[in-house]
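Only one structure is covered here, and it is reproduced in the block below.
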Amino acid sequence: MDTKIPSRLPAVAQDRMVYNSWPIVDPQFHFVLEFEGRLDEARVKRAVRLAMDAEPVFGCRYVERRPPYWKRRDDLDRLPLCEVVESSDSEQQLTQFITRRCNASIDPLLQARIVRARNDKLCLKISHVAADGAGGNLLL
């Protein structure tokens with residue numbers, strides 16, 4: 001059985017619709033989880049990277065062509081998939097990460113930030129171009 005991930009995947013109508021709304025809305029889902037103690041940064045990075053193989057569209061970028069499609073990124077192992085920020089103002093750090101707009105044709109479709117304060121908080125940011133609400137919940 002061939003388990004190789006294809007280099008191109010078709011973009012469905014909903015992908016196109018959400019992508020085209022990017023200039024006027026922020027098509028991202030945000031999940032914030034608070035933990036007691038510290039998260040293992042390397043494991044979080046690895047989990048994000050594995051999710052890009054488990055759900056191949058997360059490892060792609062959107063290509064605006066006729067017809068548009070998803071192209072597998074060749075830089076997955078070099079992307080900054082999980083930022084770690086130490087701060088006494090975790091709310092400000094989360095807000096900064098959440099409000100940073102991402103373009104599905106350039107930026108990673110799945111990103112994480114660990115905010116280290118009294119307790120670690122993990123924020124996952126998922127492009128709505130690549131996943132609907134149910135798809136985002138599958139990661140949790």
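Couple of notes before you dig in:
- Remark: pairs (first residue in region 26-46, closer than 14 Å to Ala117 by Cα and in contact (Cβ under 8 Å) with a residue 60 or more places away in the chain; second residue in a strand (DSSP E or B) and open to solvent by 60 Å² or more (accessible area, probe 1.4 Å); Cβ separation under 6 Å; 6+ apart in sequence or on different chains) are absent.
- Test result for Val115, touching a Ser or Thr at 6+ places or on another chain (Cβ under 7 Å) and either outside any loop (DSSP other than H, G, I, E, B) or of a type outside the set (A, V, I, L, M, F, W, C) (or both): yes
- Answer residue from region 6-34, given it is in contact with a strand residue (DSSP E or B) (Cβ under 6 Å, 6 or more places away or on another chain) and not in a strand (DSSP E or B) and is most open to solvent (accessible area, probe 1.4 Å) among those: Ser7
- Flag for Arg113 being modelled with pLDDT of 95 or more and either in contact with a Phe, Trp or Tyr (Cβ under 9 Å, 6 or more places away or on another chain) or under 25 Å from Glu36 (Cα atoms) (or both): yes
- Scanning region 46-88 for residues that are under 24 Å from Met17 (Cα atoms) and polar (S, T, N, Q) yields a total of 0.
- Among the residues of region 3-23, those identified as in contact (Cβ under 8 Å) with a residue 12 or more places away in the chain and more than 14 Å from His128 (Cα to Cα) are Ile5, Pro6, Ser7, Arg8, Leu9, Pro10.
- Inside region 35-84, residues that are charged (D, E, K, R), over 14 Å from Lys4 (Cα atoms) and part of a helix (DSSP H, G or I) make up a count of 7.
- Annotation: Glu64 fulfils all but one of (1) open to solvent by 60 Å² or more (accessible area, probe 1.4 Å); (2) within 13 Å of Leu110 (Cβ to Cβ); the unmet one is (2).
- Within region 78-129, the set of residues being buried (at least 19 other Cβ atoms within 10 Å of the Cβ), touching a helix residue (DSSP H, G or I) at 6+ places or on another chain (Cβ under 8 Å) and among the charged types (D, E, K, R) comprises Arg113, Lys121, Lys125.
- Against the list (1) open to solvent by less than 60 Å² (accessible area, probe 1.4 Å); (2) modelled with pLDDT of 95 or more, the condition Lys71 fails is (1).
The values are calculated or read from the model by the stated rules, or taken from the named source; none is laboratory data. Remember, predicted model here, so these are calculated numbers, not experimental data. Cβ: placed from backbone, ideal geometry, glycine included. Neighbour counts: every protein chain shown. SASA here: full protein model, heavy atoms, side chains in, ligands and nucleic acids out. Shrake-Rupley method; radii C 1.70, N 1.55, O 1.52, S 1.80 Å.
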